[in-house]
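The values are calculated or read from the model by the stated rules, or taken from the named source; none is laboratory data. Just so it is clear, the structure is predicted and the values come from calculations on it, not from any experiment. Cβ sites come from the backbone with ideal geometry, for glycine too, and all protein chains shown count toward neighbours. We work out accessible area using only protein heavy atoms, side chains counted, and drop any ligands, DNA or RNA first. Shrake-Rupley method; radii C 1.70, N 1.55, O 1.52, S 1.80 Å.
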Amino acid sequence: GVLYQRILLVLKGYGEKGCMASINRPPTPEADDHEPTLQETINAKLVQSGEKERLRQLLRERLVECGWRDELKAKCRVIIKQRGLSNVTVDELSNEITPIGRSSVPDTVKAELLREIRNFLQP
């Protein structure tokens with residue numbers, strides 16, 4: 001449901017450029033002092049506790065185990081071979097492959113991460 005979607009939004013940055021540099025930094029407060037959203041609250045708890053990094057590591061492990069990483073690498077190779085190495089930038093490749101990668105994460109992996117987050121959030 002809605003909680004599942006919001007939790008996935010918290011974790012969606014697992015492979016984006018630059019996200020590792022700020023992984024242990026809580027979100028920057030907004031200047032307008034708005035009430036934090038559920039996503040912001042969950043993210044802050046995950047970051048402050050170190051749980052977000054543990055979940056990222058679990059995600060990496062599961063994606064390697066299920067062959068997702070190898071499939072994505074193979075798709076990148078096909079794109080590079082079709083266009084030629086000198087005709088593809090890293091940014092172009094990243095922009096093209098990211099939606100494919102996100103949509104192809106196995107439901108079992110998503111469900112496991114959701115269970116882990118729910119367990120973490122329960123008192």
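The sole residue among Val64, Val47, Val78 that is more than 26 Å from Glu112 (Cα to Cα) and part of a helix (DSSP H, G or I) is Val78. Considering Glu40, Glu51, the condition of being touching a Phe, Trp or Tyr at 6+ places or on another chain (Cβ under 8 Å) and modelled with pLDDT of 90 or more is satisfied by Glu51 alone. For the stretch 81-110, name all the residues that are part of a helix (DSSP H, G or I), among the small types (Gly, Ala, Ser) and open to solvent by 40 Å² or more (accessible area, probe 1.4 Å). The answer is Ser86, Ser94, Ser103. Residues in the stretch 32-78 that are over 17 Å from Asp107 (Cα atoms), without any contact (Cβ under 8 Å) to a residue 24 or more places away in the chain and either among the charged types (D, E, K, R) or open to solvent by less than 60 Å² (accessible area, probe 1.4 Å) (or both): Asp32, Asp33, Glu35, Glu40, Thr41, Ala44, Arg54, Asp70, Lys73, Ala74, Cys76, Arg77. For the stretch 74-107, what are the residues that are more than 17 Å from the chain's Cα centre (by Cα) and within 19 Å of Arg56 (Cα to Cα)? Listed by number, the list is empty, since nothing qualifies.
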